[in-house]
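The values are calculated or read from the model by the stated rules, or taken from the named source; none is laboratory data. Given the structure is predicted, the values throughout are model-derived calculations rather than measurements. Virtual Cβ from ideal backbone geometry, glycine too; neighbours counted across all protein chains shown.
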Number of protein chains: 4
Amino acid sequence: MDSINNLIKHFNDFPGIGPRQAKRFVYYLLTRDNAGLRELSSLIAKLKQSVDVCEECFRFFPRGAKKTELCSVCADPGRNRSLLMIVPRDTDLETIEKSDTYRGTYFVLGGSIPILEKNPEERVRLEPLLTYLKKRVAAKNPELREVILAMNFNPEGENTAETLVEILQPVITAANIKISNLGRGLSTGTEIEYTDSETLKNALKNRQ
Amino acid sequence: MDSINNLIKHFNDFPGIGPRQAKRFVYYLLTRDNAGLRELSSLIAKLKQSVDVCEECFRFFPRGAKKTELCSVCADPGRNRSLLMIVPRDTDLETIEKSDTYRGTYFVLGGSIPILEKNPEERVRLEPLLTYLKKRVAAKNPELREVILAMNFNPEGENTAETLVEILQPVITAANIKISNLGRGLSTGTEIEYTDSETLKNALKNRQ
Amino acid sequence: MDSINNLIKHFNDFPGIGPRQAKRFVYYLLTRDNAGLRELSSLIAKLKQSVDVCEECFRFFPRGAKKTELCSVCADPGRNRSLLMIVPRDTDLETIEKSDTYRGTYFVLGGSIPILEKNPEERVRLEPLLTYLKKRVAAKNPELREVILAMNFNPEGENTAETLVEILQPVITAANIKISNLGRGLSTGTEIEYTDSETLKNALKNRQ
Amino acid sequence: MDSINNLIKHFNDFPGIGPRQAKRFVYYLLTRDNAGLRELSSLIAKLKQSVDVCEECFRFFPRGAKKTELCSVCADPGRNRSLLMIVPRDTDLETIEKSDTYRGTYFVLGGSIPILEKNPEERVRLEPLLTYLKKRVAAKNPELREVILAMNFNPEGENTAETLVEILQPVITAANIKISNLGRGLSTGTEIEYTDSETLKNALKNRQ
């Protein structure tokens, strides 16, 4: 394969990009000057060196002047360390941070577990999660009291939550930690008439 | 105005119908045979005579062979009469019935109360609701224990719920009845990354 | 079937209306006052009496104070009677009139002919078209010089045009009348990159 | 700006990509292995060296084993060199080639000329076009007989066509070359009822 088509193939692998748009990307790059292309190329080549992974929550964050082990949330003494929220991806964590509704800590799972997946530990960070959870339980600074599963409300998210409950249960039970899921019910803008049965059931069960 | 344009204007008032579709309706009717038009005309003329309004919940229902006062839900001895759910419209009641998640009774408010509406009692059935609530409280067959406000999750729905709480409060408090709203949180299909702050806040508050 | 469900069924037959919206129509009508329902019912019952069909082009038009045989276009001495445009429906005629690009006369076919339709003459006004065409040829006021087929550019429209050519050919040829189709090519807003092959072929063939 | 945000900014400049998707691209790249990132980086850095620009039509094409001056179309002796089609961009040329409706030659303008643009020659290849046109006129292998302007059917495309006509006129006239635009009218799938006036006017004018 020639290098243009190879580049198109690379862009085609980007999330949400089809072959036509991948090709437009290449034509767009051909209109860029050499300095711009060199910079983009260099940023991609050095991407991983310019990014640190938080040793606690596994979130990606820009490497500063000197290497740090913890991301801004995990390093923040003002966060409530009795709460640990498990989110599928970095982008989920960002959405929650932007909503300004949560002051606890996080763990980024790195994805969701598809139904029937045989090796979930190769998909997401199950081993690191368990290690981190045990560390948090042992640390008691302060005591960890609740693990919140913030999974997407779809079959893959449900499956991920169930797998997590199974895996975390022994540690959770031993340490007397509560495990919770995000509440379900009507979301902003919902009109009763157009609401699915599952959501109505949850909204009714969780009425208050 | 000639009668074609008058008919177009009528159809234009139908919910969700613009002038272009209203005109298509008229052209469509012109292709129908006379028997069909006569039947449609007659069904519309007699619509109200062929429909009863439930004396309890104010729901519309088809008039049977002999006139009945109560709709199928209100007449059903199997329904849980300790619960009363207030819904905006007949269509909301139908969605909830179809979801098969609720076995209590209903009251159809007849709409929602827009923000800044000065005469809400002309918009929706506030007076009849209060009368019916008092009757249910007095009846004790069995005791009414909870009023559920099943309003749309939008500003008009919020406003309606607030107005209802104000109006119902004296009766509710005197009779020691709980007043609740449908639960809020993630609805089916929600992905964390794309969730609005309001919904995240509710999902977090209502986690379990 | 009770009369409410019968009415829902009627509305469900309206163009573009599904069962849910049909039901909303009925609930909407239940909120109308009796005078409004009676007027709507009456307009529908008398629809055909309040409408005339043009004796020439078969277009529907509102009946005026006294019955007239011809619609406003066919009665207009300013129209160019050397041109006859055949359109599928009244709504197509209206779109063309609004575009203010055509000053000839029309014939409303009453629909299109689906592919493989065995009895096209039961679907659309083939017989009346032929009769009218012969009359126009004979009249010579002035001589009819061109028949324009203004069909939709889709398989059903293509099929209709082909059937019309077959049926009209003898008269057309004998009277030395030109038969034409609307031109094909790029339509407003078209971008070359996203244009289908068929349209490009036509645009290239019809370049000028 | 840190290098992650710098990379997000680069992706944000890609055609059709907003800030949210730009960020997702970066997170996606962080999941790629080092070999994949190095390859992508290298393909971008060497993009321009791996691409040739056709000396005749200015189309981009992958550089083969040895450098060639002409793209596959311009080098093809089977193409009809009496026709020259001017297209805005490489992607337009590709769409036309795929449609398999044109066997002449091309010139890629490199874009369109916005209305009120004061320096169109800095936007698109006007000077190179004029040079190439003169060369083709002089060459007579065979004689160039028609220049086809294949511009988008929108204000910018119209403006580009008008500018081209002005600039090319002297050469065109002297050499007795025809200048044409792609035909206009109904495009595939068009229904008369929903057609805009401009398109109807063109369809009527170009009827045949």
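A few notes on this one:
- Taken over region A:53-68, the residue count meeting the criterion of being in contact with a strand residue (DSSP E or B) (Cβ under 9 Å, 6 or more places away or on another chain) and either at pLDDT below 90 or among the polar types (S, T, N, Q) (or both) is 5.
- Residue that is within 14 Å of chain B (Cβ to nearest Cβ), in contact with a strand residue (DSSP E or B) (Cβ under 9 Å, 6 or more places away or on another chain) and under 12 Å from A:L84 (Cβ atoms), where the choices are A:V165, A:V147: A:V147
- When residues in region D:152-173 are screened for being touching a residue at least 12 places away in the same chain (Cβ under 8 Å) and within 21 Å of D:R136 (Cα to Cα), 8 of them pass.
- In region D:62-98, residue farthest from D:A161 (Cα to Cα) [restricted to those that are touching a Phe, Trp or Tyr at 6+ places or on another chain (Cβ under 7 Å) and aliphatic (A, V, I, L, M)]: D:V73
- Filter pass, A:G157 being at the interface with chain B (Cβ under 7 Å from one of its Cβ atoms) and either within 21 Å of the chain's Cα centre (by Cα) or farther than 24 Å from B:S112 by Cβ (or both): no
- Residue under evaluation D:R103, criteria (1) at pLDDT 95 or above; (2) surrounded by 14 or more Cβ atoms within 10 Å (Cβ to Cβ); (3) not aliphatic (A, V, I, L, M), criterion not met: (2)
- Checking the stated criteria, B:E55 turns out not to satisfy the condition of being within 14 Å of chain A (Cβ to nearest Cβ), surrounded by fewer than 18 Cβ atoms within 10 Å (Cβ to Cβ) and over 23 Å from C:L47 (Cα atoms).
- Checklist (1) without any contact (Cβ under 8 Å) to a residue 60 or more places away in the chain; (2) more than 7 Å from every other protein chain (Cβ to nearest Cβ); (3) of a type outside the set (A, V, I, L, M) applied to B:G185, failing item: (2)
Residues are listed down the side, and each one gets a yes or a no for (1) at the interface with chain C (Cβ under 7 Å from one of its Cβ atoms); (2) at pLDDT 95 or above; (3) under 17 Å from C:V26 (Cα atoms):
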position	(1), (2), (3)
B:N12	no, yes, yes
B:Q21	yes, no, no
B:R24	yes, no, no
B:T31	no, no, no
B:N34	yes, no, no
B:L37	yes, yes, yes
B:L43	yes, yes, yes
B:K46	yes, no, yes
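- Looking only at residues in region C:1-10 that are more than 7 Å from chain B (Cβ to nearest Cβ) and either within 12 Å of B:T91 (Cβ to Cβ) or of a type in the set (A, V, I, L, M) (or both), the one that is surrounded by the fewest Cβ atoms within 10 Å (Cβ to Cβ) is C:M1.
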